[in-house]
Each structure stands twice: as C-alpha cells, then as structure tokens.
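*Asks:* I have a structure here, written as structure tokens, and I will follow up with some questions on it.
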Amino acid sequence: MPHYISVPITCPRCGTIGTEHWCAGVTPLGLRTSNGFRCECCGCGHEGDGDQIPDDVREAFVLAEGLWTLAVVALGARPLGSIRIVRERTSTSPSEALRMVREREIIIRATLAEVEQLRMLLEREGAQVLVRRCGQGPRPPTRS
Ligand SMILES: [Zn+2]
C-alpha cells in the first residue's frame, strides 16, 4: 500500500511557497519513492523517483503516520537469509543478530513504508515479524 505526504517547498525560481507531493511504497524490487512539485505561481516544477526516503522527508512521513518498529519473532524456513537481512540492517555480528532475534529486540525504528519493506524481505525468507507503532498511544490504528 503506498503512502502519501505533502511537504512545503519554496519554488526555486520565484520563491513562492508551494507543496511537494511524495509517495513511498513497497514493490517486489524494494522501496520506491516518487515526488513531484509544480509551482502554482510560475509553473516551474520537478519530478523524481528513487529507492530511499530523504531525511527531511522522512520526518514528514513520521509526522503523518508515526514511527514504527519491527522485531523478528521466528526465523522460519530460511534462517540464514533472515539473519543476513537483520545483520545488514543493524550492522551487527551473526551472533549479535541471533541474540536480537532470540530476544525479539527491535530491528529498526522507521517510517511505515520502510518497516513494510523490511517485513517483505524477511517474510520472503519465511520469518515471522512483529510490527508495532511506537510512541503516540498504546495501539496502532486499526487496519483492515
Ligand atoms: Zn515559482
């Protein structure tokens, strides 16, 4: 499911404050983002896409959707693949990654789109994960 936000942006040509639209979503190839801006005043604008959420835009996603966490609760069918993914995300040794999984420690705190991407990678290896919203109330919003 794609995630949308808008962030204020100053037009580089005329200085008018406008809105840049961002979309982030998980595809089979990983995280994909797209952004676009069109100045209502002078018509200048830009579009782009990428595979990462820039830091300043990440804040806007967190404001809109909250900060999310992911923990691995079971390694499943291909434990080596899951451990490799955990190691990549946490820059830890194999034994430390194993310990984090065994103790169900949080692997990342990030935007929902980034957490969904990691969930997709881990579930592809057969792992079971626990995704939770942190801060802002005890329960995540109900999703159907
Ligand atoms: Zn402009």
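*Asks:* Are any residues in the stretch 39-62 free of Cβ contacts under 8 Å to residues at least 40 places away in the same chain and more than 16 Å from the ligand (Cβ to nearest atom), and if so, which ones?
*Replies:* Gly48, Asp49, Gly50, Asp51, Gln52, Pro54, Asp55, Glu59
*Asks:* Checking the condition in the same structural domain as Leu122 (by TED's automatic domain parsing), buried (at least 16 other Cβ atoms within 10 Å of the Cβ) and not in a strand (DSSP E or B), which residue from Val57, Val101 passes?
*Replies:* It is Val101.
*Asks:* What do you reckon, is Ala71 assigned to a strand (DSSP E or B), in the same structural domain as Val115 (by TED's automatic domain parsing), under 14 Å from Glu116 (Cα atoms) and of a type outside the set (Phe, Trp, Tyr)? It would help to see each step written out before you state the result.
*Replies:* Values: assigned to a strand (DSSP E or B): yes; in the same structural domain as Val115 (by TED's automatic domain parsing): yes; under 14 Å from Glu116 (Cα atoms): yes; of a type outside the set (Phe, Trp, Tyr): yes.
Against the criterion (assigned to a strand (DSSP E or B), in the same structural domain as Val115 (by TED's automatic domain parsing), under 14 Å from Glu116 (Cα atoms) and of a type outside the set (Phe, Trp, Tyr)), Ala71 qualifies.
*Asks:* If you check Val73 against the conditions, is it surrounded by fewer than 17 Cβ atoms within 10 Å (Cβ to Cβ) and closer than 25 Å to Val129 by Cβ?
*Replies:* yes
*Asks:* Can you tell me which residue is surrounded by the fewest Cβ atoms within 10 Å (Cβ to Cβ) among those in the stretch 22-38 that are within 16 Å of the ligand (Cβ to nearest atom) and not charged (D, E, K, R)?
*Replies:* That would be Gly36.
The values are calculated or read from the model by the stated rules, or taken from the named source; none is laboratory data. Quick caveat: nothing in here was measured; it's all calculated off a predicted structure. Methodologically, a virtual Cβ is constructed for each residue, glycine included, from the backbone with ideal geometry; neighbour enumeration extends over all protein chains shown.
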